[in-house]
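A.B. asks: Next up is a structure, given as structure tokens.
The values are calculated or read from the model by the stated rules, or taken from the named source; none is laboratory data. On a predicted model such as this, the values are computed, not experimentally measured, just so you know. Glycine gets a Cβ as well: all are built from the backbone with ideal geometry, and neighbour counts include every protein chain shown.
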Amino acid sequence: MQEQLYGKFDADTGEWSDGVLAITIRNCAESTTPDRKWIIFDGPVDAVWIENMNTVLDDNKKLCLSSGQIIKLKPTMNLMFEVEDLSQASPATVSRCGMVLLEVHSLGHNVLIDSYCQKLSKFVNEKYVIKLNDVLHYCSNVICEYIRLNCKQCVTTGPNFLVNNMLHMLDTFVQGWDEVVEGKFSGEDAPVVYKTPKDAEEVLNNALLYALIWGIGA
């Protein structure tokens, strides 16, 4: 794991080859765009490789490689660790990070639906979106509970992932609807007209069934 992340010397030639983390951090550090860069670790924390991150996480903000190379992080770069637990992390590592404990069941999947419908209401009839919101909540709750009680998953996933997958699939049917046709550069009182089709409600009704079946049921 450590060699894959940081890099290693070739035993025969003695040449150094960068690991995934070294390449990613170097690319972000050499970028000239002002955009913020997020490097996310979504796997388990190992006691060996995480200790080598101490110089990156403290005020030095430098990645020191075994080859002697030092990569300085820019102020626009941030590291985030999404881990199940901190059983393998030392207090020194923990003290260098800001910790946020977010339990899946505390968040729930309803907030994902509410957030998506709020975005949808900008270019789709608000009365219909309210109905769609209720249907999404009801169907998601029923299907996720049915899966939990009666189905076996090849890869165990929670309701949040399933609902988010369904919303992404539903969103493919409304891509481009939020484009402004007219009114954007007119006066303040001029209504904004979006590129929403006239049969938007019918399209969404059919897309909803498709997204529920393949986004969650699959």
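A.B. asks: Restrict the check to the range 198-214 and report whether at least one residue is charged (D, E, K, R) and modelled with pLDDT under 85.
C.D. replies: Looking through the range 198-214, none of the residues is charged (D, E, K, R) and modelled with pLDDT under 85.
A.B. asks: If you take the residues of the range 111-132 that are of a type in the set (V, I, T) and surrounded by 15 or more Cβ atoms within 10 Å (Cβ to Cβ), which of them is modelled with the lowest pLDDT?
C.D. replies: V124
A.B. asks: Can you say whether V155 is over 30 Å from K195 (Cβ atoms), surrounded by fewer than 18 Cβ atoms within 10 Å (Cβ to Cβ), in the same structural domain as N206 (by TED's automatic domain parsing) and modelled with pLDDT of 90 or more, as far as the supplied structure shows?
C.D. replies: No: the conditions fail for V155.
A.B. asks: Buried (at least 16 other Cβ atoms within 10 Å of the Cβ) and under 28 Å from V100 (Cβ atoms), is that true of L65?
C.D. replies: no
A.B. asks: Can you run down the residue pairs with Cβ atoms below 7 Å, 6 or more apart or on separate chains, where the first is in the range 104-131 and in contact (Cβ under 8 Å) with a residue 40 or more places away in the chain and the partner is among the hydroxyl-bearing types (S, T, Y)?
C.D. replies: Listed pairs, sorted by first residue: H109/S140; I113/S140; F123/Y194; F123/T196; V124/T196.
A.B. asks: For residues that are among the aliphatic types (A, V, I, L, M) and touching a helix residue (DSSP H, G or I) at 6+ places or on another chain (Cβ under 9 Å), tally how many sit in the range 71-110.
C.D. replies: The qualifying residues number 9.
A.B. asks: Would you say V100 is under 22 Å from the mean Cα position of the chain (by Cα), surrounded by fewer than 13 Cβ atoms within 10 Å (Cβ to Cβ) and not basic (K, R)?
C.D. replies: When the stated conditions are applied, V100 passes them.
A.B. asks: Could we say that G19 is touching a residue at least 12 places away in the same chain (Cβ under 8 Å) and in contact with a Gly (Cβ under 8 Å, 6 or more places away or on another chain) here?
C.D. replies: The answer is yes for G19.
A.B. asks: Is it the case that T55 is in contact with a strand residue (DSSP E or B) (Cβ under 9 Å, 6 or more places away or on another chain), of a type in the set (S, T, Y) and modelled with pLDDT of 90 or more?
C.D. replies: So T55 does not fit the description; no.
A.B. asks: Might you check whether a residue that is surrounded by 12 or more Cβ atoms within 10 Å (Cβ to Cβ) and closer than 30 Å to L170 by Cα occurs anywhere in the range 24-37?
C.D. replies: Looking through the range 24-37, at least one residue is surrounded by 12 or more Cβ atoms within 10 Å (Cβ to Cβ) and closer than 30 Å to L170 by Cα.
A.B. asks: Looking for whichever is of a type in the set (D, E, K, R) and either outside any helix (DSSP H, G or I) or farther than 25 Å from E202 by Cβ (or both) here; the options are K152, K131, K119. Which one fits?
C.D. replies: K152
A.B. asks: A further question follows. Please work out which residue is surrounded by the most Cβ atoms within 10 Å (Cβ to Cβ), limiting yourself to the range 192-216 and to residues that are of a type in the set (S, T, Y) and over 30 Å from V155 (Cα atoms).
C.D. replies: If we take residues in the range 192-216 being of a type in the set (S, T, Y) and over 30 Å from V155 (Cα atoms), then T196 is surrounded by the most Cβ atoms within 10 Å (Cβ to Cβ).
A.B. asks: Something else about it: Looking only at the range 75-96, how many residues end up being in contact with a strand residue (DSSP E or B) (Cβ under 8 Å, 6 or more places away or on another chain) and of a type outside the set (V, I, T)?
C.D. replies: So the answer is 6.
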